[in-house]
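A.B. asks: The structure that follows is given in the form of structure tokens.
The values are calculated or read from the model by the stated rules, or taken from the named source; none is laboratory data. Computed from a predicted structure; not experimentally measured. Note: ideal-geometry Cβ built from the backbone for every residue, glycine included; neighbour counts use all protein chains shown. Note: areas computed on protein heavy atoms with side chains; ligands, DNA, RNA excluded. Shrake-Rupley method; radii C 1.70, N 1.55, O 1.52, S 1.80 Å.
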Amino acid sequence: MWFAQRTRSARAHNPPRFVRDRRIDSIGPHAVQGPALPDESTVHFVLDLAVRIGEVQMSVGAGASDATATIIAVANSYGLPHCEVDVIFTSITVTCHRGVDRPPVTSLRVVRSRSLDYTRLALVERLVARITRGRISVREAHIELSKITTAPHPYPRWLATLAYAGMAAAICLLIGGDAAVAVSAGLITAIVDRIGRLLNRRALPFFFQQLVGGALATGAALGLVASGMLGAQKPTLVVAAAITVLLSGLSVVSTVQDAITGYNVTAAGRTIEVSLMTAGLIAGVVLALNVAVRFGLPPQGLADQLTFSALRLPLQTVAGGAAAGCFALASYATPRAMLVAAVAGATGAGGYSALLLGGIGPIASSAVAATVIGFSGGLISRRLKIPPLVVAVSGMVPLLPGLATYRALYELAVERSIAGLPTLMLAVSSALALAAGVVLGEYLAQPARVGLGRLERRFAGPRMAGPLRPTRRRLE
């Protein structure tokens, strides 16, 4: 009896959990309401600003995790603590929860255009840094973002064409060509780029642009051989350099980053895009080879595999740096970013060649060299206020398997040999190893660069754009 009375007394003073919850809920929604949010017009303004910033990042090739973290950081900086972000490759949706008594506010933005402009990305990064540090109001940030997105490219288009030509020439030297072959590759790549620009103005789908580019590069190289201006086996190097340039614009790094960080829908969309554009390039090269055979101008054979030696190591290092710097210039990067990208490309090309000299296979060598690029770029870029994405993508460009891709297509289309399938798989594996290595290097660089803050713990995985430190909350 004494125990029963004691129990009833305890229950009276300490009711069960569900009873307490019911009592609190009966008070009203304001009992569980968080801190007061800005007015509704400011909420719409902040969400529009955050979504537009995420759109700029996605359009230049940033990962879905980067865009998500940036949007949440911007929203938190302006007093919106409860936001959910959904990124699905071509659209960004942000919802701000305002409590149980008011409906949420949702903003949607469609990512329609994709173009490389790393200067625009760097300016947006600086704007995000000012926002998260509380140095700019939401309306001033909106005006600044409009100026960034409507400003023309920092360099004229013809300079980007020359940069692509220089990139092709440097890659030719990297894979064993001489000066004449490098000049030929540069001229052909410049022509392909100008024609691609014309087709882009006509709104031709990128699949057909890649097809035309692959066919023009291969056909022009075979035409030079038929005219006697190039040696018998020189078109292999020219076409390989052109293929590398056409592959450089694909978002392979972002695709792997999205897959690793758990954004599977976005990763699947990027995978389809990369696969389709690669298929267009393959179709163009195969078409040109078959047309050459039909008109009695059979290709003269593949060039011999490049023999790596310590004597060529300095040349390959310089060529790798030149190729990476030219790609950064063609992508409208800032001068400081071009210099860092050139250093990263030289480091990657020299490290890859040294590993091959040491007897390590091409796939493992690609992965290790790319990891070094991602790690060093992740450490240096933030200190120099450069987006790590610029250094990562530019640094791995000289190592793209353009030569292996052309060899595989030649063996399949001309020699009709099943040996082309293993070569093609080698090319695909090397490209994936490069992308995964860059992402891994950036992931390893994060703890060394800064302590993992709250934002980093929430978005586990590598980050190549957007803020890295926890943001300070700021009310309008």
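A.B. asks: What spacing in nm lies between the two simple spin-label points modelled at residue 93 and residue 142, each 7 Å away from Cα in the Cβ direction?
C.D. replies: Between residue 93 and residue 142, the label points sit 2.4 nm apart.
A.B. asks: Still on this structure: May I ask you to derive the FRET efficiency for residue 276 and residue 126 from their Cβ-Cβ distance with R0 = 41 Å, giving the value to the nearest 0.05? Present the calculation step by step, with values, prior to reporting the outcome.
C.D. replies: Numbers: r = 34 Å, r/R0 = 0.84.
Working from the Cβ atoms, E equals 0.75.
A.B. asks: So who's got an amide H within less than 5 Å of the one on residue 79, skipping anything under 5 residues away but keeping other chains? H placed 1.01 Å off N, in plane.
C.D. replies: 474
A.B. asks: Still on this structure: From largest accessible area down, sort 295, 208, 375; use a 1.4 Å probe on the protein chains.
C.D. replies: Working: 295 160, 208 100, 375 80 Å².
Descending order: 295, 208, 375.
A.B. asks: Given axes a ≥ b ≥ c from the Cα gyration tensor, I'd like to know whether segment 338-389 is rounded (a/c under 1.5), prolate (a/b larger than b/c) or oblate.
C.D. replies: Working: a/c = 3.58, a/b = 2.35, b/c = 1.52.
Prolate shape, in that a/c is at least 1.5 and a/b is the bigger ratio.
A.B. asks: Between residue 268 and residue 227, what is 0.36 nm times their sequence separation minus the Cα-Cα distance? Round to one decimal in nm.
C.D. replies: Working: separation 41, 0.36 × 41 = 14.76 nm, distance 4.46 nm.
Contour length minus the Cα-Cα distance gives 10.3 nm.
A.B. asks: Going by the alpha-carbon gyration tensor, a ≥ b ≥ c the square roots of its eigenvalues, is segment 97-151 rounded (a/c under 1.5) or, if a/c is not under 1.5, prolate (a/b greater than b/c) versus oblate?
C.D. replies: Details: a/c = 2.68, a/b = 1.50, b/c = 1.79.
Oblate is the answer for segment 97-151, as a/c is 1.5 or above yet b/c matches or exceeds a/b.
A.B. asks: Okay, next question. Using +1 at the C-beta of Lys and Arg and -1 at the C-beta of Asp and Glu, which of 343, 432, 364 has the Cα lying farthest in the positive direction of the dipole of segment 310-440?
C.D. replies: Going by the Cα projections, it comes out as 343.
A.B. asks: Residue 201 to residue 384: extension gain in nm, 0.36 nm per residue of separation minus the Cα-Cα distance? Could you put the intermediate results ahead of the total?
C.D. replies: Working: separation 183, 0.36 × 183 = 65.88 nm, distance 3.55 nm.
Taking 0.36 nm per residue and subtracting the Cα distance, the gain is 62.3 nm.
A.B. asks: Give, in nm to one decimal, the length gained when the segment between residue 133 and residue 357 is fully stretched (0.36 nm per residue of separation minus the Cα-Cα distance). If you can, show how the numbers build up before the last one.
C.D. replies: Working: separation 224, 0.36 × 224 = 80.64 nm, distance 4.83 nm.
Computed gain between residue 133 and residue 357 is 75.8 nm.
A.B. asks: Continuing with the same structure: Rounded, prolate or oblate: pick one for segment 360-401, where a ≥ b ≥ c are the square roots of the eigenvalues of its C-alpha gyration tensor, a/c under 1.5 means rounded, and failing that, prolate if a/b is larger than b/c, else oblate. Present the calculation step by step, with values, prior to reporting the outcome.
C.D. replies: Working: a/c = 4.71, a/b = 2.08, b/c = 2.26.
Note, shape of segment 360-401 comes out oblate.
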